[in-house]
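Written out below as structure tokens is the structure these notes cover.
The values are calculated or read from the model by the stated rules, or taken from the named source; none is laboratory data. Note that the structure is predicted; figures quoted are calculated from it, not measured. We place every Cβ from the backbone using ideal geometry, glycine too, and count neighbours over all the protein chains shown.
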């Protein structure tokens, strides 16, 4: 598992995303996403909550929200419309908020809503380009129409300043760990560096990822170690370069998360143990 901040340089995009079970990482970015499930159910972890979506549902992910897809079966298709929030701005009011989860049943209760939504979606999906630029006013208008078609029936009037503060603190923690995990860091060092209590750091990690900061540090180190082992490094080199302070700790942590030892991992690669 890696928690990353995606750089979103594309203003508008439509992706027919095919995901496997637990395939995606936790991430956040500056764009909005409308996710439509045309065939199979899929769970989403959004801002510390599980959204269980089924066929025909729409899931709304606002900008700078930590999220992850949890497909329930392989080859699950998610239609993802991603766009910068500024295309929704109006001179008279700010961006209206949508419900996080709009169910198929709710959509079908509104006369002709599904027909209108699918008609707009078909026009978007039939465009030749996958990624669109800010100069494509036609696509901007379609994305805006999709959003406001939904917000007319499923608005969410909510301002949660506490959540915004929590997210910002969580991002700072993640960025610190991602930058420094190969060093001798732990939750106490994070607390000291970022001037947050260890309780708050743990609470934020569990809220947004359902794991502990120490486990996340271990997972990042194992990810780095595996990349080194894949490229021919031996166990000792991979352990110390990834931030582990002794081989015994590396072996124990590695087996806890990978269910095999580093030596067994190397054998599975077909390289043999290097001394």
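Which count do you get for residues in the range 231-253 that are in contact (Cβ under 8 Å) with a residue 24 or more places away in the chain and either in contact with a helix residue (DSSP H, G or I) (Cβ under 7 Å, 6 or more places away or on another chain) or surrounded by 14 or more Cβ atoms within 10 Å (Cβ to Cβ) (or both)? Steps first, answer last, please.
So in the range 231-253, the residues in contact (Cβ under 8 Å) with a residue 24 or more places away in the chain come out as 232-235, 238, 241-243, 245, 250, 253.
Filter again for either in contact with a helix residue (DSSP H, G or I) (Cβ under 7 Å, 6 or more places away or on another chain) or surrounded by 14 or more Cβ atoms within 10 Å (Cβ to Cβ) (or both), leaving 233-235, 238, 241-243, 250, 253.
Qualifying residue count, the range 231-253: 9.
Across the range 57-83, which residue is nearest to the chain's Cα centre (by Cα) among those that are surrounded by fewer than 20 Cβ atoms within 10 Å (Cβ to Cβ) and farther than 12 Å from residue 42 by Cβ?
Restricting to residues being surrounded by fewer than 20 Cβ atoms within 10 Å (Cβ to Cβ) and farther than 12 Å from residue 42 by Cβ, the top hit is 65.
Show me the helices (runs of 4 or more DSSP H) found entirely inside the range 226-275 where at least 1 residues are assigned by TED's automatic domain parsing to the domain that holds residue 181 and under 22 Å from residue 179 (Cα atoms).
Numbers: elements: 235-241, 247-258, 262-269.
Helices (runs of 4 or more DSSP H) meeting the threshold: 235-241, 247-258.
Of all residues in the range 84-107, which are at pLDDT 95 or above and in a helix (DSSP H, G or I)?
104, 105, 106, 107
Hey, any hits in the range 138-155 for a residue that's under 19 Å from the mean Cα position of the chain (by Cα) and either in a strand (DSSP E or B) or modelled with pLDDT under 95 (or both)? Steps first, please.
Filtering the range 138-155 down to residues under 19 Å from the mean Cα position of the chain (by Cα) leaves none.
Within the range 138-155, none of the residues are under 19 Å from the mean Cα position of the chain (by Cα) and either in a strand (DSSP E or B) or modelled with pLDDT under 95 (or both).
Tally up the residues in the range 173-214 that are part of a helix (DSSP H, G or I), surrounded by fewer than 16 Cβ atoms within 10 Å (Cβ to Cβ), touching a helix residue (DSSP H, G or I) at 6+ places or on another chain (Cβ under 9 Å) and in contact (Cβ under 8 Å) with a residue 40 or more places away in the chain, please.
Final tally of qualifying residues: 1.
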